[in-house]
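*Asks:* Quick one: the structure is below, and I'll ask about it shortly.
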Amino acid sequence: MINLVLQILISIFIGICFFYLAKRFQKNEIIYFCLGFFICVFVRISYLLVYGSLTNFKINQQFNFHKNLSIILSICISYVIFLFLKKRLEKNQSKTSEIDEIGRNKI
């Protein structure tokens, strides 16, 4: 039960990180929160489904190890996607600022 609560809290934390990224670049905060939350949950579930299909869905001693590994993998993949979105948003923001500066220089 504690592991489930920990997984949900981690997913919410990642969603909040995506939320603040959206807030910083004036994007829709709810969509970014859901994006971060569901990426984290989807990676974890898909990893455990692949692991389960390889072991014919039998629970053995390795299950706890792979359950914890899925949490770490979901954090890493979410972080990589966060960095990718951040760089992409910064790049798009720099393009729009250059257009705004062109109009200011003529005055």
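*Asks:* How are the Cα pair distances of the chain distributed, in percent, across 5 Å bins from 0?
*Replies:* Percent of Cα pairs in each bin: 2, 12, 17, 17, 13, 11, 8, 6, 5, 3, 2, 2, 1, 1, 0.
*Asks:* With a 1.4 Å probe and all protein chains left in place, how much accessible area per residue does the chain have, in Å²?
*Replies:* So the chain comes to 75 Å² accessible per residue, rounded to a whole number.
*Asks:* Okay, next question. Order Ile31, Ile14, Ile77, Ile2 by their accessible area, 1.4 angstrom probe, all chains in place, largest first.
*Replies:* The ordering from most to least exposed comes out as Ile2, Ile31, Ile77, Ile14.
*Asks:* A follow-up question, please. Just the accessible area for Lys87, please: 1.4 Å probe, Å², rounded to the nearest 10?
*Replies:* Around 140 Å² of this residue is reachable by solvent.
*Asks:* For segment 42-93, max minus min Cα coordinate along each principal axis, in Å, sorted largest first?
*Replies:* So the extents along the principal axes, rounded to whole Å, are 49, 16, 11.
*Asks:* Next up: Calculated from DSSP H runs of 4 or more alone, at -39500 (n - 2.57) each and per residue, what is the 222 nm mean residue ellipticity of the chain, nearest 500?
*Replies:* For the chain, the value works out to -31500 deg cm²/dmol.
*Asks:* Show Phe38, Phe25 ordered by accessible area, largest first, where the area counts protein heavy atoms only and the probe is 1.4 Å.
*Replies:* Phe38, Phe25
*Asks:* Largest first, how would Val43, Val80, Val5 line up by accessible area (1.4 Å probe)?
*Replies:* Heavy-atom accessible area, descending, gives Val80, Val5, Val43.
The values are calculated or read from the model by the stated rules, or taken from the named source; none is laboratory data. Predicted model only: the values in this text are computed from it and were never measured. Just the protein is used for accessible areas: all its heavy atoms, side chains included, with ligands, DNA and RNA removed. Shrake-Rupley method; radii C 1.70, N 1.55, O 1.52, S 1.80 Å.
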